[in-house]
Amino acid sequence: MKPKRTFLSFIGRYRGSLVLSILFAMTYSAGQIGGLLSIGGFFSETFISKNFDYFSFQTIAILFGFGVLWAGSHYLAFLFSNTLAVRVIHDLRGEIYERLIDLPISYYKRNRSGDILSRIINDIGVMEVFLMNTVVEMIAQPITVVAAVVILFIINTQISLYFFSIVPLIALALGGLGALVQSRSMKVQQNISNITAHIQETVFGIEVIKGFGVESEIRKRFTRSNDEHLKSIRQEIKIRLLGTPTMEILGVIGVIIILVLGAMSINSNLAESGQIVTFIMLALGLSQPLAQVGNISMVLRKLKPASQRIFEIVNSDEKEDFSRPDMGVIEGKIELKKLSFGYTEDRLILDNIDLKVSPGETVAIVGSSGAGKSTLISLIPVFNLPTGGKVMIDGADISTINPHSIRRQISIVTQETILFSGTIRENILLSRPEASEADMIEAARIANIHEFIAGMPLGYDTVIGERGVTLSGGQRQRVVLARAILRKPKILILDEATSSLDAESEKLIGEAMKKILGKQTTLIITHKLSSVAHADTIIVIEGGKIIERGTHKELIERKGIYDKLYRIQLNI
Ligand SMILES: Nc1ncnc2c1ncn2[C@@H]1O[C@H](COP(=O)(O)OP(=O)(O)OP(=O)(O)O)[C@@H](O)[C@H]1O
Ligand SMILES: [Mg+2]
């Protein structure tokens, strides 16, 4: 099994940037501490001890030097962390896209596309912010804190002990707040998912929404999700932002402790005033990094749920096995053996189906709506795996074969005419990018769409909108058909592929298709029985079982269901 990938493994690829970023984060905090120490030294020497020899070009230069170190390192640390961030996010996005392409169709049937989109947009955003800003702070601030603490202890152990008696309070406060933020964060991300899904469904379904005039209902539903999100994110920020002031208050308490103890120590000669000044400088300098530590711990809590949702996709082992042996060029023999299938365990959609189709044969599948016809053909390109029995192509059980090598030789046309934004040429050539112009035109002629395309000013280079929205339903269906034919598949599956066509168009395609029927095994699902009377075999499916099979003539003579349906359709 492949090792599970983690956020760290993605970051690890850019160790260089990470190391440099950490390095500059360290010099950044060195500049900070150094600056504070020299200000403290300057203060106690010149202001308290009135040692004006100290007030020299050298001391000023040192101060300025620390300032430059601080500012320069700050820039470089963030430069490298941001470079790291954009690279890691780039890779992560690439990886997720790869996964999305690889995930089986069943995954998409189970998960809302809005949820998938939200992970790619929102959750990745959280991770990006983390890498851009938090990584540097995460290194620099704790170093500053630890270094300052060590120096404080060196200066005066006793006062330090009192000062740091607030540490357990800090840990307690951050731990408690962090846990709250994490649980809220999960909810926030879930709500963002809902919103994304809503927007997406609205954009895709706008015609239905406007057509039924249900804008206000849909708006109400969206408002509910949007308000819900507002509520949850307000709760979340209230808690998340508490991290910083909590640390600030604790810092103030610390400083008060030092002031009081310092005054008492000087009074009883336990410490010198110079010591206390440096002490206060450092303690004050500490309050900002400590506040940052609070903030960092909150961002980390937010990061966890986001990265969980991302890596659920990245590490999903729900992947089709493309490492199985390839099939090679097939003849197109299909055998279904005691085939059963159910989308869920409790309901069989296909029940014990046996069917043999010889290469080049045309089989029509008819039967009432919901009988299981589309489900049956979904098992041939391995979109679904049988629950029982086998699908064999050219004598091989397809569950043992690389699904790519089978799909490469199959064309499927359904009622859903999926086109991509781009030119008509690009859309047709999708099935066989290397095909010649002549092959493309021939396929378009068979699909009875060539004349139409050629009649447009830009011909095959006409750009069609996203999802083919600038074409009519029937035109789209014919472009999709041309795409399927161009592939020259060994198995052609037409699932109500001519349902949006007018009678004449359908007849013309029927005539043209006769030229290619027999060149491949063809499975045709249709409700128009008259259009499949020429098929070599017709099977009638009802309730997931084959209840009649034979040629048109045989089935008519049998005077069963097929004959009855045929008569109804012909009105005789
Ligand atoms: N993704 C799915 N998850 C669960 N059940 C499904 C799914 N797709 C289809 N079904 C169920 O399987 C049964 C068969 O559906 P199928 O699409 O195969 O019917 P069909 O014969 O193609 O019908 P039609 O002629 O209307 O296209 C139906 O009862 C349907 O509710
Ligand atoms: Mg169907």
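The values are calculated or read from the model by the stated rules, or taken from the named source; none is laboratory data. Predicted, not measured: the structure shown is a model, and the values here were computed from it. Positions of Cβ are backbone-derived with ideal geometry, glycine not excepted, and every protein chain shown enters the neighbour counts.
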* Structure fact -> Filtering the stretch 370-384 down to residues that are part of a loop (DSSP other than H, G, I, E, B), in contact (Cβ under 8 Å) with a residue 60 or more places away in the chain and within 8 Å of ligand 1 (Cβ to nearest atom) yields ALA371, GLY372
* Among (1) within 30 Å of ASP321 (Cβ to Cβ); (2) in contact (Cβ under 8 Å) with a residue 24 or more places away in the chain - the single one SER73 does not satisfy -> (1)
* Report yes if some residue within the stretch 214-221 is part of a helix (DSSP H, G or I) and in contact (Cβ under 8 Å) with a residue 40 or more places away in the chain; otherwise report no. => no
* Structure fact -> Among (1) closer than 27 Å to LYS553 by Cβ; (2) within 12 Å of ligand 1 (Cβ to nearest atom); (3) assigned to a strand (DSSP E or B), VAL363 falls short only on (2)
* Structure fact -> Over the stretch 412-446, the set of residues in contact with a Ser or Thr (Cβ under 6 Å, 6 or more places away or on another chain) and farther than 20 Å from LEU458 by Cα is GLN415
* Any hit, the stretch 487-505, residues being farther than 20 Å from ILE377 by Cα, among the acidic types (Asp, Glu) and either away from ligand 2 (no atom under 16 Å from the Cβ) or in the same structural domain as ILE449 (by TED's automatic domain parsing) (or both) -> yes
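Check LEU69, LEU8 and return the single one that is under 53 Å from the mean Cα position of the chain (by Cα), crowded, with 16+ Cβ neighbours inside 10 Å and part of a helix (DSSP H, G or I).
LEU69
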* Asked: Which of (1) more than 19 Å from LEU286 (Cα to Cα); (2) over 41 Å from the mean Cα position of the chain (by Cα); (3) modelled with pLDDT of 85 or more is the odd one out, the single condition ARG13 does not satisfy?
  -> (2)
* Does any residue of the stretch 148-161 turn out to be buried (at least 19 other Cβ atoms within 10 Å of the Cβ), assigned to a helix (DSSP H, G or I), at pLDDT below 80 and not acidic (Asp, Glu)? -> yes
* To do: Scan the stretch 279-308 residue by residue and report those that are charged (D, E, K, R) and surrounded by 20 or more Cβ atoms within 10 Å (Cβ to Cβ).
  => ARG301, LYS302
* State which residue is nearest to GLN409 (Cα to Cα) when the search covers only the stretch 508-521 and only residues that are in contact with a helix residue (DSSP H, G or I) (Cβ under 9 Å, 6 or more places away or on another chain) and surrounded by 14 or more Cβ atoms within 10 Å (Cβ to Cβ). => ILE516
* To do: Being under 38 Å from the mean Cα position of the chain (by Cα), among the β-branched types (Val, Ile, Thr) and either within 17 Å of LYS490 (Cβ to Cβ) or away from ligand 2 (no atom under 16 Å from the Cβ) (or both) is the filter here, so list the residues in the stretch 329-378 that pass it.
  => VAL329, ILE330, ILE334, THR344, ILE377
* To do: Restrict the check to the stretch 522-531 and report whether at least one residue is surrounded by 21 or more Cβ atoms within 10 Å (Cβ to Cβ), under 43 Å from the mean Cα position of the chain (by Cα) and either away from ligand 2 (no atom under 16 Å from the Cβ) or of a type in the set (Lys, Arg) (or both).
  => yes
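Keeping to the stretch 256-278, report how many residues are among the β-branched types (Val, Ile, Thr) and surrounded by fewer than 18 Cβ atoms within 10 Å (Cβ to Cβ). Lay out the reasoning, then the answer.
Here is the first cut: in the stretch 256-278, the residues among the β-branched types (Val, Ile, Thr) are 256-258, 260, 266, 276-278.
Those left that are additionally surrounded by fewer than 18 Cβ atoms within 10 Å (Cβ to Cβ): 256-257, 260, 266.
Count: 4.
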* **Condition check for MET264: in the same structural domain as LEU117 (by TED's automatic domain parsing) and modelled with pLDDT under 80** => no
* **Cross-chain or 6+ apart pairs with Cβ under 8 Å, the stretch 403-425 first and away from ligand 2 (no atom under 16 Å from the Cβ), then of a type in the set (Ser, Thr, Tyr)** => SER411/SER431; THR423/TYR460; THR423/THR462; ILE424/TYR460; ILE424/THR462; ARG425/TYR460
